[in-house]
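This report refers to the structure that appears directly beneath it.
The values are calculated or read from the model by the stated rules, or taken from the named source; none is laboratory data. As the structure is a prediction and not an experimental result, all values here were calculated from the model. Note that we place each Cβ from the backbone using ideal geometry, even for glycine, and neighbour counts take in every protein chain shown. The protein model used for the area step is the full one, side chains on, heavy atoms only, and it has no ligands, DNA or RNA in it. Shrake-Rupley method; radii C 1.70, N 1.55, O 1.52, S 1.80 Å.
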Amino acid sequence: MAESIGIEVVYAGPQGQRLCRLSVPKGTTAAEAVTLSGLLEALPGAAADTARLGIFSLRVEPGQVLEEGDRVELYRPLILDPMEARRRRARRGA
């Protein structure tokens, strides 16, 4: 029997946070964990970008192999480029 590890997959959106705790086989990748969690099916439309994943706030590639206790985070696409947001605030004097 394959050894398993405990992980979490999380998504935070405007409607709140969704968290899924899983026990997955050792050697599972971040992208595989997202699929196994079922969170993508539960999210409205393309709310999360499966190419933009992180583990404890550090960006990782979808092929990153997970370790015991990892927290895989699904990131939403940016609505506005951060540099453009800064320019708009500067123009307003904020």
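Some notes on this structure:
- Amide H contacts under 5 Å for Arg52, placed H, 5+ residues apart: Tyr75
- In this simple spin-label model, placing a label point 7 Å from the Cα along the Cα-to-Cβ direction at both Arg91 and Glu67 gives a separation of 4.6 nm.
- Packing-based order for 85-93, 30-38, using average beta carbon neighbours within 10 Å, highest first: 30-38, 85-93
- Based on C-alpha pairs under 8 angstrom that are at least 6 apart in sequence, the chain has a relative contact order of 31 percent.
- Per-residue 3J(HN,Hα) values for the stretch 74-82, derived from phi via the Karplus relation 6.51 cos²θ - 1.76 cosθ + 1.60 with θ = phi - 60°, read 8, 9, 6, x, 5, 7, 9, 4, x Hz in sequence order (x marks Gly and Pro).
- Taking amide hydrogens as placed 1.01 Å from N in the peptide plane, the amide H of Gly13 sits under 5 Å from those of Arg18, each at least 5 positions away in sequence or on another chain.
- Thr28 sits among other residues whose Cβ lies under 15 Å from its own Cβ, and their net charge, with Lys and Arg +1 and Asp and Glu -1, is -4.
- Residues whose placed amide H lies under 5 Å from that of Ile5, excluding near-sequence neighbours: Val24, Lys26
- Karplus (6.51, -1.76, 1.60) ³J(HN,Hα), θ = phi - 60°, over the stretch 9-20, in Hz, Gly and Pro reported as x: 10, 10, 9, 10, x, x, 8, x, 9, 10, 10, 10
- Label corresponding to mean projected area of the Cα convex hull in nm² when calculated from the structure given, among (1) 27.4; (2) 6.0; (3) 7.2: (3)
- Rounded to the nearest 500, the helix-only mean residue ellipticity at 222 nm of the chain stands at -6500 deg cm²/dmol, with each DSSP H run of n ≥ 4 adding -39,500 (n - 2.57).
- Counting only protein heavy atoms and a 1.4 Å probe, the chain has 67 square angstrom of accessible area per residue.
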